[in-house]
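Please treat every number below as a calculation from the coordinates, not as lab data. Only a predicted model underlies this, so the values are computations on that prediction, with no experimental measurement involved. All Cβ positions, glycine included, derive from the backbone under ideal geometry; neighbour counts span all protein chains shown.
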Amino acid sequence: MEARRPRHLDSVDLMRVITVAGVIAVHVVAGTNRRTSVPAGAATILLHVNREVFVLLTALVLTYSYGFRETWSLRTFWTRRYWLVATPYVAWTVVYFLADGPPGGLVEALRQVGSDLVTGMARYHLYFLLVTMQLYLVFPALLVLVRAARRWHGPILAASLALQLAFTAALHYQLSAPGPLGWWFAHPDALLPSYQLSVLAGAIGAFRLPELADWVRRHGTLVAATLVCVTAAAIGSYLYDLKIRNQAPTTASQVFQPAVTVESLAVLLAMYALGVWWSDWRRPAWLTGAVVRASDASFGIYLAHPLVLQVLMALGGATGLLGLLMGLPARYTLAIDLVVVLPLVLVVTWMAVGLARRSPLSVPLAGRRAVTVPAAERPRRAWATDGLRTVAMAAALAGVVASLDLSSVRLASGGTLPSAPPAPDRVPALTATTAPTPPAGAVSDLETVEAGGLQRTYQVIRPVRPAATRLPAVVFLHGVNATIGGEEARDGLLTAAAAGQVVLVYPVGYGMSWDVGSCCGAAMDQGVDDMAFLSDVVDDVLAMPDVDTSRISLAGYSNGGKMAFRLSCARPGVFISLVIVDAVPVTPCASRPPISLLEFAARDDSELPYESSDGPRTVDGVRLTPVVTQVASWRQRDGCEVTPAVRTLGYLTTELWSSCRLGARVELATYGHGGHDWPYGDDDATPGAGQIMWTFLTQLNQPT
């Protein structure tokens with residue numbers, strides 16, 4: 001009679017399969033829903049528990065495998081474990097680097113690959129392999145601790161939970177910290193301490209499995225009730241962040257927050273109870289075999305699924321299906337994702353992993369040794385068959401990568417697809433019926449234009465006593481979820497207008513947002529033609545008799561900054577300068593005449609990479625260029641000198657390149673901290689963005 005597998009393996013197999021499916025569901029939802037989708041955000045906050053569960057399962061299996069052995073070789077442990085994780089980590093880092101379209105030049109390509117290897121950011125899921133390798137490194141010490149403190153497991157877990165809640169609260173509520181702690185807060189994903197509760201709970205749980213199994217058998221109703229209550233609380237937390245704190249769905253559903261920590265524990269307990277029931281159930285052999293095979297392939301599926309998703313999204317974009325999917329009401333898009341797209345990604349990836357497991361590339365592609373067939377069952381020249389399979393698989397992958405523009409289709413790539421303008425009878429026009437009151441010394445007018453079938457508005461603020469017949473003008477594009485009044489209050493330009501020095505123009509975004517093709521808000525959801533609107537505004541400004549058309553500047557914050565980059569590219573020669581706060585271009589721009597640039601950035605901005613060493617980040621599938629790289633590219637375009645003039649003002653550092661072609665200037669203003677918020681400068685030594693901006697514009701806006 002064939003020996004029955006240990007029951008704990010049956011439970012772990014089922015939990016592993018569910019967890020990997022949940023991880024892939026997160027990426028499917030993120031990749032095919034708009035960032036402003038409230039249902040997608042609600043699903044994400046529930047699915048995000050899979051990250052911590054994944055780490056916990058890894059610690060549990062490791063501890064169960066080695067915790068009850070009297071002796072085992074540390075050298076053998078590290079050699080075997082690192083071979084099966086580091087090898088696929090390197091292989092898939094290179095695969096995803098190639099899929100994203102490598103940068104030009106060997107040196108830049110090697111630098112990018114090196115950065116990807118160090119940060120785990122070649123793709124959004126590879127952080128887990130870095131975390132796993134860190135766990136392998138400290139595992140012997142962890143095992144000693146858990147064994148020695150067996151009587152103190154409860155207090156250790158309580159302290160660990162308190163620490164995890166404090167850590168996730170600091171991240172979710174964007175608390176700042178100095179030194180190494182602040183750096184950890186800014187880069188939590190790939191660091192093992194970020195998951196200390198999962199690691200300790202997994203290791204301790206391995207020693208307590210029999211007790212835990214008995215407990216869940218006796219308290220099944222309590223486990224289910226706890227899951228329901230905690231899930232409801234997590235959704236409540238999400239809605240609170242959405243409605244009260246006015247956060248975007250992607251921010252309100254982020255993985256590091258107290259609600260997800262508590263939810264992870266409840267989900268894990270429910271999953272283990274399901275695993276215990278599964279191991280107790282006298283199920284058919286074929287069903288057991290299917291789960292065992294799925295569990296065996298799960299690591300390979302985890303590694304490969306982003307590439308499969310990327311290819312499917314490229315095909316969907318080429319055929320128009322992805323655009324149709326994202327054009328549906330958000331709840332229908334989410335339902336189709338979970339019922340159709342998720343199973344499709346799982347099946348296709350499982351088939352690809354099955355081929356890889358029977359080839360010499362099994363370890364680098366699937367993280368497991370190749371499936372071996374007994375010699376008596378292998379056909380003659382089986383090595384040739386395996387080789388042909390490998391070559392065919394590699395050729396097919398190369399053909400797909402060569403035939404599709406994968407570099408433009410990444411996480412949430414639907415943001416890169418063009419969408420049809422909304423029909424005027426379906427989308428109500430958004431107008432500002434009133435404008436903020438200007439300060440003494442200035443007057444304002446509210447102008448209206450017809451653009452894209454909508455009535456759009458913009459505010460013009462003029463001095464009562466202008467300092468000259470023709471003044472410079474600044475067109476300012478507000479950030480997402482910001483009103484023009486809020487933007488006017490923080491950009492510091494109203495006093496200059498009241499002093500007679502500038503004309504200010506504030507276009508009103510649709511739903512307090514701009515459609516830049518990537519992130520976020522009602523304008524993108526509805527496919528509003530913001531380019532037509534802003535082009536009309538620019539034409540109106542050019543026709544204003546009190547504006548010097550050679551001294552028009554364009555400014556934008558965050559979402560408005562991306563729109564400013566796009567508008568300046570579409571209207572070359574109109575603007576003398578760009579002022580950008582917390583943004584980089586979404587799409588490249590063809591060579592244009594030199595234009596001055598002032599770029600503001602914070603080193604701890606969680607939404608923008610500051611330099612290449614921060615690792616790549618994506619928004620709606622668009623891989624963001626680091627701020628430093630973007631400014632360097634702009635300097636090259638403007639033909640600036642190599643060495644800047646550097647100033648340090650409190651925690652602000654400015655670098656100014658003043659000798660560029662045709663009198664252009666490029667300046668990078670870097671704040672040591674401040675995140676993705678408007679840089680006010682919160683001490684006497686550090687000026688805010690408004691002060692630096694006006695100095696920059698004043699130096700440019702000398703009459704010609």
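Just a few scattered comments:
- For segment 119-130, 3J(HN,Hα) computed residue by residue from phi via the Karplus equation (6.51, -1.76, 1.60; θ = phi - 60°) reads 9, x, 10, 4, 8, 5, 10, 6, 3, 5, 5, 5 Hz, glycine and proline entered as x.
- Inter-label distance, GLU447 to THR549: 1.3 nm, where each label sits 7 Å from its Cα along the C-beta direction.
- Here the Karplus curve 6.51 cos²θ - 1.76 cosθ + 1.60, taken at θ = phi - 60°, turns the phi angles of segment 187-197 into couplings of 9, x, 4, 9, 10, 4, x, 5, 10, 4, 5 Hz, with x standing for Gly and Pro.
- Ordering ILE235, ILE595, ILE18 by the number of other Cβ atoms within 10 Å of each residue's own Cβ, fewest first, gives ILE235, ILE18, ILE595.
- Size-normalised alpha-carbon gyration radius of segment 442-700, reference 2.2 N^0.38 Å: 0.95
- As a length-normalised measure over Cα pairs under 8 Å and 6 or more apart, the relative contact order of segment 9-415 settles at 32 percent.
- Set of segment 452-481 residues, backbone N closer than 16 Å to the point 7 Å along the Cα-Cβ line of ARG592: 474-477
- Between LEU321 and ASP677, the modelled label-to-label distance comes to 4.5 nm, taking each label 7 Å out from Cα in the direction of the beta carbon.
- For the chain, the Stokes-Einstein estimate of translational diffusion at 20 °C and a viscosity of 1.002 mPa s comes to 77 µm²/s, using the Kirkwood hydrodynamic radius over alpha-carbon pairs.
- Contour excess over end-to-end distance, with Cα ends at ILE235 and VAL340 and 0.36 nm allotted per residue: 35.4 nm
- Label point at ARG245 placed 7 Å out along Cα→Cβ; residues across segment 145-176 whose backbone nitrogen lies under 12 Å: 168-175
- Helix 49-66 vs. the chain, principal-axis angle (Cα, 0 to 90°, nearest 10): 30 degrees
- In sequence order, calculated HN-Hα J values of segment 628-639 (Karplus, 6.51, -1.76, 1.60; Hz; x Gly/Pro): 4, 5, 4, 5, 4, 5, 5, 4, 5, 4, 8, x
- Under 5 Å, built H, 5+ apart or other chain: amide partners of CYS640: ARG661
- For the chain, relative contact order (Cα pairs under 8 Å, six or more residues apart, normalised by length) works out to 13 percent.
- Computed from the C-beta positions of ALA440 and ALA162 and an R0 of 30 Å, the FRET efficiency is 0.05 to the nearest 0.05.
- Take every pair of alpha-carbon atoms less than 8 Å apart whose residues are at least six positions apart; their mean separation over the length of segment 442-700 yields a relative contact order of 15 percent.
- The eigenvalues of the Cα gyration tensor, multiplied by 5 and square-rooted, give segment 9-415 an equivalent ellipsoid with semi-axes of 32, 29, 23 Å from largest to smallest.
- Under-5 Å amide H pairs with VAL579, H placed in peptide plane, nonlocal only: LEU554, ALA555, GLY556, LEU598
- Under the convention that each Lys and Arg Cβ holds +1 and each Asp and Glu Cβ holds -1, the size of the dipole of the chain around its Cα centre is about 3180 debye.
- Dimensionless Rg ratio for segment 164-237, taking C-alpha atoms and the 2.2 N^0.38 Å reference: 1.48
- Dipole magnitude for segment 201-254: computed about the Cα centre from +1 point charges on Lys and Arg Cβ and -1 point charges on Asp and Glu Cβ, it is near 80 debye.
- Packing-based exposure ordering (other Cβ within 10 Å, fewest first) of VAL353, VAL579, VAL363: VAL363, VAL353, VAL579
- Separation of alpha-carbon centers, segment 235-279 and segment 280-342, rounded to whole Å: 21 Å
- Extending 7 Å from the Cα toward the beta-carbon at both THR695 and ARG111 defines two label points whose distance is 2.8 nm.
- Computed over segment 258-321, the P(r) tail beyond 19 angstrom holds 62 percent of alpha carbon pairs.
- When the Cα positions of MET512, ALA497, VAL666 are compared along the charge dipole of segment 442-700, VAL666 comes out farthest toward the positive end, with charges on each C-beta of Lys, Arg, Asp and Glu.
- Burial ranking of peptide ranges 485-491, 442-448 (average Cβ count within 10 Å, highest at the top): 485-491, 442-448
- Of the residues VAL85, SER73, ILE301, the one whose Cα sits farthest toward the positive end of the charge dipole of the chain, with +1 on the Cβ of Lys and Arg and -1 on the Cβ of Asp and Glu, is SER73.
- Helix 38-47 and the longest principal axis of the Cα set of the chain meet at an angle near 30°.
- Alpha-carbon centroid distance for the pair segment 452-507 / segment 34-81, whole angstrom: 52 Å
- For segment 9-415, the Cβ-based charge dipole about the Cα centre amounts to some 740 debye (Lys, Arg positive; Asp, Glu negative; other atoms uncharged).
- For ALA602, residues with placed amide H under 5 Å, excluding near neighbours: TYR671
- Neighbour-count order for TYR651, TYR195, fewest beta carbons within 10 angstrom listed first: TYR651, TYR195
- Fraction of beta bridges assigned by DSSP in the chain that are antiparallel (%, nearest 5): 55 percent
- Packing-based ranking of 62-72, 249-259 yields 249-259, 62-72, ordered from highest to lowest mean Cβ neighbour count within 10 Å.
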